[in-house]
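Asker: This is the structure I have questions about; it appears just below.
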Amino acid sequence: MREGSLEAPTRRPLAWRDADFHDEARLDAELRRVFDICHGCRRCFNLCDSFPRLFDLVDAAGDAEVAGVASKDFGRVVDACTLCDMCFMTKCPYVPPHPFDVDFPHLMLRYRAVQFRKGEVGVIERQLTDTDRNGRLGGLVAPLANWATAAGNPLTRPIMEKLADVHREAPLPRYHGKTLMARAHDHRPEINRAAPAFGRKVAIFATCFANYNQPSIGEATLAVLARNGVDAEMVYPGCCGMPQLEHGDIAGVAAKAARIAAALAVWVDQGYDVITLVASCTLMMKTEWPLLLPDDANVRKLSQAVWEVSDYMVDIARTEGLADGLHPIEGGVAVHLACHARAQNVGPKAAEMLRLIPGTEVTVIERCSGHGGTWGVKTGNYPTAHRIAKPTAQQIVRSGKRHLVSECPLAAIHLNDALSRLGGDQPDIAPARHPIELLAQAYGL
């Protein structure tokens, strides 16, 4: 048996349809096998809170080690996992193809799938993951919804904390009365036919976040692509399912994957590339969907055709060259490298894209933002999320950059909050945005 592995990590399809997958005795045995390996290694001690919690449980058991930990306590370890994939991608030496076959995030997902099947995921938690319905309703009464969900609202947020387990101080996404899809329908920027990349065509997957919460990401993308001669269509068959995946609703995510992949495959068949506006959505389409539905031809086709928007712009720059007209971003840019962007294993494309802007200094911040999807806003998790984000915010300040970007909009919200809580004399840092918005600014769009 070799010690560790230098080979690239590979993942096996998730056997969620097998009866053994939801068998609690088999799950407990696998948890103990993997936890014993983790306990013997401890290389991941400084990642998320899952590992310190696990090691504390083992240490408290004394000589009995993992065997002495009660199965009921394993839930504490699972609850701290945000499915960021960083242990799998960057730390663990025992991931496949190593014979130990450790895939910690997917083991945590299996535990949550068992919980979900047993009905242990609360009704309100499930409702919070229905981003399409919530986005439509929030958009209808956007001013009221934004007032009610504003952090620190003394009338509504204590009630929200009690009923929905959302910490009263945690910042939440805002809603817009006009969706990105509606805006894209009403306004199509003129395509620059003289641009080097003229002739390319893309279907932009709007994502639930950009569609309902931050349309400016999609508007900036349309403008930048048009300036670079790219014919773009905004499409949105529905949410990618990442919120449901976090809660173990694997069958629900698989159904979404099959339906959305079929809709987007039509565009691929017409010669369109597909790009997404949020790193988590790209990761779902590239990695998670094919592992859930390995035999679905549309899912396989889409996984090979989808790009992160930053990655796509870098490809244009490398292949044809960007359109002229970029101007420096004064004060430089700190690029937060979001975990789901890192997990795609394509490199820091947002930083690479922004370095194409002449005269612009770019610094990469490779630390966790602490948000973890819906995890970081929960009442019991928000203090931990803030503790994790604090050194990241301090590193952003030390970078001395005027602008901050992240390919994860939720991370951007959380980092804005962390920066506001540092106290003392802080430099003037503009609120975090998506990298494509800064590229649009450099074009004067």
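The values are calculated or read from the model by the stated rules, or taken from the named source; none is laboratory data. Just so it is clear, the structure is predicted and the values come from calculations on it, not from any experiment. Cβ: placed from backbone, ideal geometry, glycine included. Neighbour counts: every protein chain shown.
Asker: Here is a list of conditions, (1) surrounded by fewer than 19 Cβ atoms within 10 Å (Cβ to Cβ); (2) farther than 30 Å from Leu14 by Cα; (3) among the aliphatic types (A, V, I, L, M), and Ala262 meets all of them except one; can you say which number that is?
Answerer: Result: Ala262 passes all but (2).
Asker: I'd like the residue in the range 72-100 that is assigned to a helix (DSSP H, G or I) and among the β-branched types (Val, Ile, Thr) and, out of all such residues, is farthest from Glu30 (Cα to Cα).
Answerer: Thr90
Asker: Here are the criteria: (1) over 21 Å from Phe116 (Cβ atoms); (2) among the β-branched types (Val, Ile, Thr); (3) touching a helix residue (DSSP H, G or I) at 6+ places or on another chain (Cβ under 7 Å). Tell me which single one Val253 does not satisfy.
Answerer: It is condition (1) that Val253 fails.
Asker: Please go through the range 337-383 and give me each residue that is modelled with pLDDT of 90 or more and hydroxyl-bearing (Ser, Thr, Tyr), ordered by number.
Answerer: Answer for the range 337-383, where residues must be modelled with pLDDT of 90 or more and hydroxyl-bearing (Ser, Thr, Tyr): Thr360, Thr363, Thr379, Tyr382.
Asker: Run Gln394 past the list (1) buried (at least 20 other Cβ atoms within 10 Å of the Cβ); (2) not assigned by TED's automatic domain parsing to the domain that holds Val224 and report the number of the one that doesn't hold.
Answerer: Result: Gln394 fails condition (1) only.
Asker: Out of Asp59, Asp20, report the one residue that is among the charged types (D, E, K, R) and under 20 Å from Gly75 (Cβ atoms).
Answerer: On inspection, the qualifying residue turns out to be Asp59.
Asker: Follow-up. Quick check on Arg53: is it closer than 16 Å to Leu109 by Cα and in contact (Cβ under 8 Å) with a residue 24 or more places away in the chain?
Answerer: No: the conditions fail for Arg53.
Asker: While we're here: What do you reckon, is Pro173 surrounded by 15 or more Cβ atoms within 10 Å (Cβ to Cβ) and either at pLDDT 95 or above or of a type outside the set (Ser, Thr, Tyr) (or both)?
Answerer: For Pro173, the condition - surrounded by 15 or more Cβ atoms within 10 Å (Cβ to Cβ) and either at pLDDT 95 or above or of a type outside the set (Ser, Thr, Tyr) (or both) - is met.
Asker: In addition: Working only within the range 138-164, note down all residues that are surrounded by 13 or more Cβ atoms within 10 Å (Cβ to Cβ), among the aliphatic types (A, V, I, L, M), part of a loop (DSSP other than H, G, I, E, B) and out of contact with any Pro (no Cβ under 6 Å at 6 or more places or on another chain).
Answerer: Val141, Ala150
Asker: Also, I was wondering about something else. On the basis of being more than 23 Å from the chain's Cα centre (by Cα) and buried (at least 22 other Cβ atoms within 10 Å of the Cβ), does Ala184 make the cut?
Answerer: Taking the combined requirement at face value, the residue satisfies it.
Asker: Exactly one of (1) within 22 Å of the chain's Cα centre (by Cα); (2) more than 18 Å from Pro409 (Cβ to Cβ); (3) assigned to a helix (DSSP H, G or I) is unmet by Gly135. Its number?
Answerer: (2) is the only condition that Gly135 fails.
Asker: Next question. Any chance the range 47-57 includes a residue that's charged (D, E, K, R), part of a helix (DSSP H, G or I) and buried (at least 16 other Cβ atoms within 10 Å of the Cβ)?
Answerer: Yes, because at least one residue in the range 47-57 is charged (D, E, K, R), part of a helix (DSSP H, G or I) and buried (at least 16 other Cβ atoms within 10 Å of the Cβ).
Asker: Scan (1) buried (at least 24 other Cβ atoms within 10 Å of the Cβ); (2) at pLDDT 95 or above; (3) polar (S, T, N, Q) for the single condition Ser216 breaks and write down its number.
Answerer: Evaluating Ser216 over (1) buried (at least 24 other Cβ atoms within 10 Å of the Cβ); (2) at pLDDT 95 or above; (3) polar (S, T, N, Q) leaves (1) as the failure.
Asker: Would you say Thr10 is surrounded by 13 or more Cβ atoms within 10 Å (Cβ to Cβ), closer than 26 Å to Glu407 by Cα, at pLDDT below 90 and of a type in the set (Val, Ile, Thr)?
Answerer: no
Here's the yes/no breakdown for (1) in contact (Cβ under 8 Å) with a residue 12 or more places away in the chain; (2) under 20 Å from Pro13 (Cβ atoms); (3) touching a Phe, Trp or Tyr at 6+ places or on another chain (Cβ under 8 Å); (4) aliphatic (A, V, I, L, M):
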residue	(1), (2), (3), (4)
Glu288	yes, yes, no, no
Leu326	yes, no, yes, yes
His336	yes, no, no, no
Val346	yes, no, no, yes
Gly373	yes, no, no, no
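Asker: In addition: Go through (1) modelled with pLDDT under 90; (2) assigned to a helix (DSSP H, G or I); (3) among the hydrophobic types (A, V, I, L, M, F, W, C) one by one and return the number of the condition Ala113 breaks.
Answerer: Ala113 satisfies every listed condition except (1).
The rows are residues; the columns are (1) surrounded by fewer than 24 Cβ atoms within 10 Å (Cβ to Cβ); (2) outside any helix (DSSP H, G or I); (3) not β-branched (Val, Ile, Thr).
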{"position": "Leu302", "(1), (2), (3)": "no, no, yes"}
{"position": "Trp307", "(1), (2), (3)": "yes, yes, yes"}
{"position": "Met313", "(1), (2), (3)": "no, no, yes"}
{"position": "Ile316", "(1), (2), (3)": "yes, no, no"}
{"position": "Ala323", "(1), (2), (3)": "yes, yes, yes"}
{"position": "Gly331", "(1), (2), (3)": "yes, yes, yes"}
{"position": "Ala341", "(1), (2), (3)": "no, no, yes"}
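Asker: Pick from the range 405-436 the residues that are of a type in the set (Gly, Ala, Ser) and in a helix (DSSP H, G or I): which of them is nearest to the chain's Cα centre (by Cα)?
Answerer: Only one residue fits best here, namely Ala411.
Asker: Looking at this structure, is Arg26 in a helix (DSSP H, G or I), of a type in the set (D, E, K, R) and surrounded by 17 or more Cβ atoms within 10 Å (Cβ to Cβ)?
Answerer: No.
Asker: Sort out which residues of the range 57-82 are under 17 Å from Val34 (Cβ atoms) and of a type in the set (Asp, Glu), and write them in order of number.
Answerer: Glu65, Asp73, Asp79
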